[in-house]
Structures are given as C-alpha cells and as structure tokens.
Amino acid sequence: MEECHIKLSGLVSDLLGVSALRMLNALAQGETNPATLAAMADRKLRATQAQLCDALGACTELKPVCRRLLRMFLEELRLIEQQSSQLDQELASLLSQHQEAVKHLAEVPGLGVDSAQQIIAEMGARAATFPSAKHLASWMGACPGDEESAGVSKSHRSPKGNRQLRRILNQAANSAVKAKGTVFEVVYRRLVPRLGHNQAIGAIAHRLCRLIWIILQRGVPYQERGACLNAKAKQQRINKMIRELRNFGYRVEPVGAPA
C-alpha cells in the first residue's frame, strides 16, 4: 500500500480493525472511488472523510497486480484467524474441567478468557508447582532482580523468566491501569510520578502475578478493592466476559439478581 501511495496507515491506528478491513476488502475487490471507500469508515474513527479521501486518492490508479496481492494477503489473514480460532476452541475444550479457574482469572481487570487460558496452560489450574507467590513471580520474571557483588547491589533488572507469561502480564498490566475505578489504576497513579511508566507497569505486573497465584491456589474469585465502580461499566464488563466464555465453548448462565 505504501508503494502504491495509499497512506491509510497514517490515519488509521489499526489496519486490521473493522473500518480498515472493510475498506481494504472493497479496495481488493476493485473499488476505485476514494469517497466510497472513505464512507465505509466507522463514525468513531478520528480521521475525517476529507482526510481519508486524500489518503486513498491513489486507488484510482491502482494496478491489477497490486489488488491481487492485497486480496492474497487478506485471504491469508482470514486463514490465520480461522486457524487461531480453531486452536482457541481446542484449548477451551481441554480446559473445560477447569472452567471455574478460567472464569475467576478472566474477572481480573486486564485479563480475559484468552489470557486466562494461556496462564493456566503454562502453570496449571492450581499453580501447585509454586509454594508461594514469590516463587511464581521469580519463575515468571515479574520481580526485581537481586544481583549483588561484595554486598554491593549491581542491578535490579528483572530475570528473564517465562517470556510468554511475562508478555501476557505486561499487556494485562497496561490494560488494567486503564480500567476506571480499579485498585490497579490507583496504584499506577501513585507510582508513575516516582518510577515512570515502564517501572510502574512492572510493579503492576508483579501485583497481578501475586494475585493470580492467590486466585488459583485458593480457588477464590476476584474482589475489587479499588474505588466504587460504575454499575453500568461493571455490568458491561460482566456481559463481555460471558460472551467471551460462550465464544470459547464454555457453558455459562448469568445468575439472577437477588430479590
């Protein structure tokens, strides 16, 4: 697209999002009108129609071979997504006997059903291998290092640990601090002026790691200890989690409100 002077990536942050994919599919099928393509963008997209038309202006001169290559890339993307969905369904089937553990982890801000399944697949449904949360944090690499020589601290860089789980924890930490009214948002705001963003996220990831150990070891659900959440936002999160669980093949029935 850049070689063909189509500058859509400069206006759309996610080229694999709904709006961008809709425009790319139409472009691959032979659409040549920039205004028609720009009209396919979602209303929430920050770019204006004029900006999109300007970025897509070169589509009128797009060669057939470029459209064919774009169509092949989109077909490959759909195949990868289909195979990924099949693997997710297989993973959910294998973890069906640990549905409660998956559900408890998915309730934690920053985590979801997908990340909960990956965590349980790596460390087990009860985290029985790790005698304490400190052992788990050390194994994951979600704790400060302790490199000393002659009683002098040389480095506090975190150990390498399990890179897959550390990546999931860092992503979850970045998402958790954006959840309004949660304890993670409160802790992040307290730490970031002193430590900076990266170290504050590391501290949140460490807290998440210890929380995961408690939930899996004791089999307890997550309880929010931060500021009071908006009832509407809380219900939206519950509905989203139920949809995700059902999409992965779990059987979930919402409990009715008490009389």
Among the residues of region 24-48, write down those that are aliphatic (A, V, I, L, M) and either over 25 Å from I80 (Cα atoms) or more than 24 Å from the chain's Cα centre (by Cα) (or both). A26, L27, A28, A35, L37, A38, A39, M40, L45, A47
Can you tell me which residue in region 172-208 is surrounded by the most Cβ atoms within 10 Å (Cβ to Cβ), limited to those that are within 17 Å of A106 (Cα to Cα) and among the polar types (S, T, N, Q)? T182
Restrict the check to region 23-39 and report whether at least one residue is in a helix (DSSP H, G or I), loosely packed, with under 14 Cβ neighbours inside 10 Å and in contact with a helix residue (DSSP H, G or I) (Cβ under 9 Å, 6 or more places away or on another chain). yes
Candidate set from region 6-20 (those that are in a helix (DSSP H, G or I) and free of Cβ contacts under 8 Å to residues at least 40 places away in the same chain); member that is farthest from the chain's Cα centre (by Cα): S9
Which residues, taken from region 216-237, are surrounded by 11 or more Cβ atoms within 10 Å (Cβ to Cβ), in a helix (DSSP H, G or I) and modelled with pLDDT under 80? A233, K234, Q235, Q236, R237
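The values are calculated or read from the model by the stated rules, or taken from the named source; none is laboratory data. If you're wondering where the values come from, they're calculated on a predicted model, not measured in any experiment. No Cβ is skipped: glycine too gets one built from the backbone with ideal geometry, and neighbour counts run over all protein chains shown.
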